[in-house]
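Scroll down for the structure; my scribbles are underneath it.
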Amino acid sequence: MTYDFNTIEKKWQDYWSKNQTFKASNTSDKPKYYVLDMFPYPSGAGLHVGHPLGYIASDIYARYKRHKGFNVLHPQGYDSFGLPAEQYAIQTGQHPAVTTEANIKTYRRQLDQIGFSFDWSREVRTSNPEYYKWTQWIFIQLFESWYNNDSNKAEHIDTLVEKFASEGNATVNAACDDDIESFSAEDWNNYSSEQQQEILLKYRLTYLAETEVNWCPALGTVLANDEIVNGVSERGGHPVVRKKMTQWSMRISAYAERLLQGLDTVDWTDALKDIQKNWIGKSVGASVSFNVNGHDDIIDVFTTRPDTIFGVSFMTLAPEHELVSLITTAEQKEAVEAYIEKTAKRSERDRMADVKTISGVFTGAYAEHPFSKAPIPIWIGDYVLASYGTGAVMAVPCGDQRDYDFAKHFDITIPNIFEGVDISEEAFASKDNVKIANSDFLNGLAYKKASKLAIYQLEQLGHGEGKTNYRLRDAVFSRQRYWGEPFPVYYVNGMPQMIDKAHLPIVLPEVEKYLPTEEGEPPLGRADVWAWDTTQSLVVSNELIDHKTVFPLELNTMPGWAGSSWYFFRYMEDAANRDGVFASEDALKYWENVDLYIGGSEHATGHLLYSRFWVKLLKDRGFVNVEEPFKKLINQGMILGTSAFVKRIGFKVGELDLQISKGSKLDKEEL
């Protein structure tokens, strides 16, 4: 009998659709199970083979759990904001919403043809205003939050204002900018409103700051590190340069330790956990301050080896370090500027990965050793990153191979501070079974005792302290694009103000072109109607801006990871009950978080990290009940475009006709 799959598949798919067979209930007496795939970006090509690779696995498991008596939530939707749609709009002039809608129809048709058991009643699209209203709302919660290191959680900004008004900031232990100045309660209460707002921006969990970013001139936008491959943009292969811009940033660094600790509570692969651990990069050591000879400036460095302080023979600053232009001598100015220009064309990933190239330039300036007072030459080198640590390193060539190679290349002194160790050929990086030598009061001490004593003496001199450092940097959150979530932000005298929840969403305006303006503003700068009237709570014409009641709106849009950092909560709520909340208290309490999540490991330092950050913030502020979004996470792997099979061998084993490919793990003997 022939299996008429066309007829049978259509029959049952029609039945499933008509009877909503796979619709989940928020009030079931059955135990719950939430199975989720990383939702797709709807590109014009439709599904690629990598999509069903994961979707089939999750669908099998969702069906299995239903048969085992679980109330299964297995939803699907679309990560529908993104750069590809915008680039297509630039090329064709067609609105991204039009092409995105057409692409989604193709995706839906293909997904239905495969026969997945998705609950389509809960579909989400990140580009729908009804959805990104809540992305804007979460942004406002971040703006209205600060991180209290004493309580180890985010709190409403009003609690910080109360502290400032009653006791100043001397006793406040917060995650904040480095350049915070001390003030009393009296000072605070005498500050103008604008001065208070400027100070609060240094504490908020989302804030405006001048930041080193990856700027892609061809795409006219900032790119995240994970959007750059081999020094060029992942989309289009365009050159990327480092550039300083005023951007919205997310203070994810405040959550570094909790993001680390949280990995112990989830069922993820060790490989994936290791990627995040390395990205967060916890290091225990010391902060050391070096005076710059002939200047009032100080260079702060972080080191995990304070025991090697007497082995410092030079310092290296990132080419972008703010002090470079101030301390460079006239004789070295031309060489330094040329090097900085060259370095700006390389991405941070490029610079981190390139361990073979040795390059740098002497600034002509010297620092002073905190103990010996000896002059230490200050260089710049692209192996030091402005975004990591302080953007400066104290180079100990006898104990670090990269410093050693740099010193050898530029003929810099390499003092040996390790007792009985030969460093004539390479650095000695081990901490074990060695004592410190040629180091004054540290002589004869092993690593742990020498480190403690060095930190103590630095603290006595006022030149350092013990410190825990994290590699994790705050995430740049602005994009100079059109096709993304608008910020719920307007500006009064240059200071950002949040639009009240009652007036969300702030919807994307119409623009003539999807390119930056001739003046270099983002595409939203082309909108004729893009200003906020505070008297009517409406978006109005730019021509009405008078700095009294009508003010300019933010021209940047949010990055692609904004909408994907919380979409799993949106699925929890029935479509009919979504108007007043991002997800109801009952729905959040019932579903809690995702029981099984399937997607690519390439999202480890992007989506998976950012979503964990947002969930912790929402938990701190009392909006959700869980610390982690995904209990169990499985990576489906990748389907490669080439095959290692080069020859096929046919033979019989009993009644079986077998075809073995030469080069595969299977061979005749094993059979």
- Of all residues in region 65-91 being in a loop (DSSP other than H, G, I, E, B) and of a type in the set (D, E, K, R), the one that is most open to solvent (accessible area, probe 1.4 Å): K68
- All positions within region 334-349 that are of a type in the set (D, E, K, R) and open to solvent by less than 20 Å² (accessible area, probe 1.4 Å): E348
- Number of positions in region 491-519 that are more than 19 Å from L208 (Cα to Cα) and not acidic (D, E): 15
- Taking A62 as meeting all but one of (1) touching a strand residue (DSSP E or B) at 6+ places or on another chain (Cβ under 7 Å); (2) part of a helix (DSSP H, G or I); (3) under 30 Å from A224 (Cβ atoms); (4) open to solvent by less than 20 Å² (accessible area, probe 1.4 Å), write down the number of the exception. (3)
- Would you mention how many residues in region 350-360 are surrounded by fewer than 17 Cβ atoms within 10 Å (Cβ to Cβ) and modelled with pLDDT under 80? 4
- Residue by residue through region 506-541, note down the ones that are within 14 Å of G484 (Cβ to Cβ), surrounded by fewer than 20 Cβ atoms within 10 Å (Cβ to Cβ) and of a type outside the set (A, V, I, L, M). P509
- Provide a single number: the residues in region 29-53 that are closer than 21 Å to N577 by Cβ, open to solvent by 30 Å² or more (accessible area, probe 1.4 Å) and part of a loop (DSSP other than H, G, I, E, B). 2
- Message: Considering only region 469-476, I want to know if a residue exists there that is in contact with a strand residue (DSSP E or B) (Cβ under 6 Å, 6 or more places away or on another chain) and of a type in the set (G, A, S).
- Response: yes
- Note on the structure: Screening I417, I455 for residues that are in contact with a Gly (Cβ under 6 Å, 6 or more places away or on another chain), more than 20 Å from D403 (Cα to Cα) and of a type in the set (V, I, T) leaves only I455
- The strands (runs of 3 or more DSSP E) lying wholly within region 120-230 that contain at least 3 residues that are open to solvent by less than 50 Å² (accessible area, probe 1.4 Å) and closer than 18 Å to A475 by Cα are 145-148, 206-216, 221-223
- Message: Looking at region 478-505 only, could you name the residues that are in contact with a helix residue (DSSP H, G or I) (Cβ under 8 Å, 6 or more places away or on another chain), assigned to a loop (DSSP other than H, G, I, E, B) and open to solvent by 30 Å² or more (accessible area, probe 1.4 Å)?
- Response: N493, P505
- Message: Just the residues that are assigned to a loop (DSSP other than H, G, I, E, B), surrounded by 19 or more Cβ atoms within 10 Å (Cβ to Cβ) and more than 31 Å from the chain's Cα centre (by Cα), please, taken from region 370-389.
- Response: P370
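The values are calculated or read from the model by the stated rules, or taken from the named source; none is laboratory data. All values reported here derive from a predicted model rather than from experimental measurement. Cβ sites come from the backbone with ideal geometry, for glycine too, and all protein chains shown count toward neighbours. These area figures cover heavy atoms from the full protein model, side chains too; ligands, DNA and RNA do not enter into them. Shrake-Rupley method; radii C 1.70, N 1.55, O 1.52, S 1.80 Å.
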